[in-house]
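What follows is a single structure, written as structure tokens, with notes after it.
Nothing in this text is a laboratory measurement; each read-out follows from the coordinates by a stated rule. Here the structure is a predicted model, which is why all the values come from computation and not from measurement. Using ideal geometry, Cβ is built from the backbone for each residue, glycine included, and neighbour counts are taken over all protein chains shown.
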Amino acid sequence: MNEFTLANGIKVLHKEITDNPLVSAQLFLRAGSVNEKETEAGLANFVQVLLMQGTKNRDSEKLSRDIEDIGASVSTDVDNDFCTLGISVMDAKTDKAMELLADVAFNPAFPAEEIEKERTNVLAGIRSRQDHLHNVADDLFLKTFYGNHPYSWPDIGKKETVSGFMRADLERWHKNNYTGNGTVLSIAGNITLEKAKKLAEMFFSSVPPGAKQDEARPPAFPGHKQVNSKNSKFQQAYLMIGWPAPNNANKDFATLKVLNSLLGGRMSGRLFTELREKLGLAYEVNSFYPSRKLSSRFVVYMGLDKKNIPVAEKRIMEIIADIKQTPVSDKELEETKNYIRGIYLLDHQTIGRKAWYTGFWEIMGAGYSYDDQYLEKLMSVSSQSIQSAAAAYFTGDYIQVTVGQ
């Protein structure tokens, strides 16, 4: 891996991979929904979707045509902690692809007619969330868990905020956040370091450095057990139980990732086996532990008949208690690690994903080299460390929400 920094603060990561004729460039901005004010909920996402609707040099039609002409794949996304914009292309078209990436990222036109089209689409997306029981339950859980912190609202935003976004709001957000300071450009594929430096200087050195961003405020948890419920139009019910969990920089991060796979994340996990296969309590059951730069959460969730909620809650707590009290067997731990290893390797097959993960770990503060260490850390997790982490984080101070008739 090579790294260098442009004069404006953009950090460039480069890895030459010569076994196929592809190049991928992934741009990471240190600004996601966590940087929004409550009156700006969804602004980061709104800007991201509009980036592809035209630049100051290309209208949306020409932009689409230029991307198609070089056979490129372009993606944009927004996360709690960052925004991304990426392009993957045949190596012979790398110069044009890098010019396109820079144009889309740093020269958006935000045409009025496209703003209204995307507003309609985003508002439709917000409404459609209410048609999915999981989303309704998750929105209630996030609000109960995070309060008014930006982690508490969906990346897509809220109806009342998205409805009021003006072009000036988009331009302000873009000007303040699409800058050099803190931005990471990850380039991987059949491209030499010399050429990567040349293209980065050519197309990204003119980006203004911008002011250094303030660190986002960490969320404050309720600090005690809290139960919240909501009636709904759905025939089924939903149960979510979650605990405060550490960020990706914490020493227990890898252990909790393994614990998450052991409990949920797969059909042989304890939650699925016990609650669905053996007891038939749920049509859907799983757990998740998202990677977060600030504090995260460890959540168990179930879709079930409302009458089964009391026994399901009791059985979940028994499964959690068993993890805390009884060491995981060598066989179960090895099977869990094999599952994680397989998912990890499959997700690193393409050059685009390799470039993405390199940029991801860098923007999250762990450093780009963490991608090489991550699997090793997961594989070194012991039964004792799982038991210790479960005891430390699965306390009585959890958040529980139920949604149902």
Checklist entry - Amide H to amide H, which residues 5 or more places from Leu281 or on other chains are under 5 Å from it, using H placed in the peptide plane? => result Arg276
Checklist outcome for this item: Check: C-alpha center the range 271-290 vs C-alpha center the range 122-201, spacing in Å is 31 Å
Next on the checklist: Using +1 at the C-beta of Lys and Arg and -1 at the C-beta of Asp and Glu, which of Pro244, Pro310, Ala254 has the Cα lying farthest in the positive direction of the dipole of the range 226-404?
Outcome noted: Pro310
Checklist entry - What's the angle, to the nearest 10 degrees (0 to 90), between helix 133-146's Cα axis and the longest principal axis of the chain? => result 90 degrees
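Using Cα-Cα distances under 8 Å and only pairs 6 or more residues apart, what relative contact order does the chain have, in percent? Don't skip to the end; give the middle numbers.
On the way: 743 pairs, mean separation 92.7, N = 405.
After rounding, I find 23 percent.
Based on the Cβ-Cβ distance from Lys251 to Lys117, what FRET efficiency comes out when R0 is 60 Å, to the nearest 0.05? Could the numbers behind the result be given before it?
Details: r = 47 Å, r/R0 = 0.78.
Computed FRET efficiency for Lys251 and Lys117 comes out at 0.80.
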Item to check | Charged-residue dipole, Cβ positions (Lys, Arg, Asp, Glu), the chain about Cα centre, Debye nearest 20 | outcome: 880 debye
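When Lys and Arg each count +1 and Asp and Glu each count -1, what net charge do the other residues less than 10 Å away from Leu50, Cβ to Cβ, add up to?
Details: positive: Lys117, Arg119, Arg167; negative: Glu114, Glu118.
Surrounding charge for Leu50 is +1.
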Item to check | Projected-area mean, the range 152-250, by convex hull of Cα positions, square nanometres | outcome: 12.6 nm²
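Mean residue ellipticity at 222 nm from the helices of the chain, using -39,500 (n - 2.57) per DSSP H segment of n ≥ 4 over the full residue count, to the nearest 500 deg cm²/dmol? Walk me through the numbers on the way to the answer.
Details: 14 runs with 171 residues, N = 405.
After summing the helix terms and dividing by residue count, I get -13000 deg cm²/dmol.
Can you sort Tyr357, Tyr289 by how many other beta carbons sit within 10 Å, fewest first? It would help to have the intermediate numbers written out before the result.
Details: Tyr357 21, Tyr289 24.
Listing Tyr357, Tyr289 from fewest to most nearby Cβ atoms yields Tyr357, Tyr289.
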Checklist entry - Angle, helix 60-69 long axis vs. longest principal axis of the chain, Cα atoms, 0 to 90°, nearest 10? => result 90 degrees
Checklist outcome for this item: For the range 6-21, Karplus-derived ³J(HN,Hα) couplings (6.51, -1.76, 1.60; θ = phi - 60°; whole Hz; x for glycine and proline) come out as 6, 4, 8, x, 5, 8, 10, 10, 9, 9, 7, 10, 9, 7, 8, x
Checklist outcome for this item: Between the Cα axis of helix 330-347 and the main Cα principal axis of the chain, the angle (0 to 90°, nearest 10) is 20 degrees
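In the structure shown, do any of Lys158/Lys354; Lys324/Lys377; Lys62/Lys198; Lys324/Lys354; Lys251/Lys307 have a Cα-Cα gap over 31 Å, and if so which? List each step's numbers first, then the result.
On the way: Lys158/Lys354 33 Å; Lys324/Lys377 21 Å; Lys62/Lys198 26 Å; Lys324/Lys354 36 Å; Lys251/Lys307 40 Å.
Correct reply: Lys158/Lys354; Lys324/Lys354; Lys251/Lys307.
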Checklist entry - Where is the GNM fluctuation largest for the chain (alpha-carbon springs, 10 angstrom cutoff): Gly352, Gly147, Gly164? => result Gly164
Checklist outcome for this item: Mean projected area (nm²) from the convex hull of Cα positions in the range 289-405 is 9.6 nm²
Checklist entry - If we count every other residue with Cβ under 13 angstrom of Ile115's Cβ, Lys/Arg +1 and Asp/Glu -1, where does the sum land? => result -3
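Given the Cα-Cα distance of Met317 and His224 and 0.36 nm per residue of separation, how much length would full extension add, in nm? The partial results should precede the final answer.
Values: separation 93, 0.36 × 93 = 33.48 nm, distance 1.65 nm.
Using 0.36 nm per residue and subtracting the Cα-Cα distance, I get 31.8 nm.
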Checklist outcome for this item: Listing His348, His149 by rising number of other beta-carbon atoms within 10 angstrom, fewest first, gives His348, His149
Next on the checklist: If the reach is capped at under 13 angstrom between alpha carbons, list the aspartates and glutamates near Lys278, excluding any in the same chain fewer than eight residues apart.
Outcome noted: none
Checklist entry - Any number yet on Rg/Rh for the range 1-110, C-alpha, Kirkwood? => result 0.99
Item to check | the range 2-204: radius of gyration over Cα atoms, expressed as a fraction of 2.2 N^0.38 Å | outcome: 1.09
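Once fully extended, how much extra length lies between Arg217 and Lys377, figured as 0.36 nm per residue of separation less the alpha-carbon to alpha-carbon distance? Please list the in-between numbers first.
On the way: separation 160, 0.36 × 160 = 57.60 nm, distance 2.83 nm.
So the chain would gain 54.8 nm between Arg217 and Lys377.
More than 34 Å apart: what percent of Cα pairs in the chain qualify?
Values: 29559 of 81810 pairs.
Here the long-distance tail beyond 34 Å is 36 percent of all Cα pairs in the chain.
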Checklist entry - Under 16 Å from the Cα of Lys56, which aspartates and glutamates turn up, not counting those fewer than eight places away in the same chain? => result Asp66, Glu99, Asp103, Glu113, Glu114, Glu171
Checklist outcome for this item: Ordered by fewest other Cβ atoms within 10 Å, a rough proxy for footprinting exposure, Leu140, Leu193 read Leu193, Leu140
Item to check | Those lysines that a straight Cα-Cα span of less than 19 Å connects to Lys159, excepting residues fewer than 8 apart in one chain | outcome: Lys37, Lys117, Lys143
Item to check | Part-to-part distance (alpha-carbon centres) for the range 211-260 and the range 6-20, which is given in Å | outcome: 34 Å
Item to check | Counting DSSP beta bridges with both ends in the chain, the antiparallel % (nearest 5) | outcome: 80 percent
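If a/c stays under 1.5 just call it rounded; otherwise compare a/b with b/c (prolate if a/b is bigger, oblate if not). Do that for the range 175-225, with a ≥ b ≥ c from the square roots of the Cα gyration tensor eigenvalues. Kindly include the intermediate steps, with their values, before the conclusion.
Numbers: a/c = 5.78, a/b = 2.11, b/c = 2.74.
It comes out oblate by the Cα gyration axes.
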Checklist outcome for this item: Quick note, the range 257-325: a/c under 1.5 would make it rounded; otherwise a/b > b/c is prolate and the rest oblate (a ≥ b ≥ c, C-alpha gyration tensor); here it is prolate
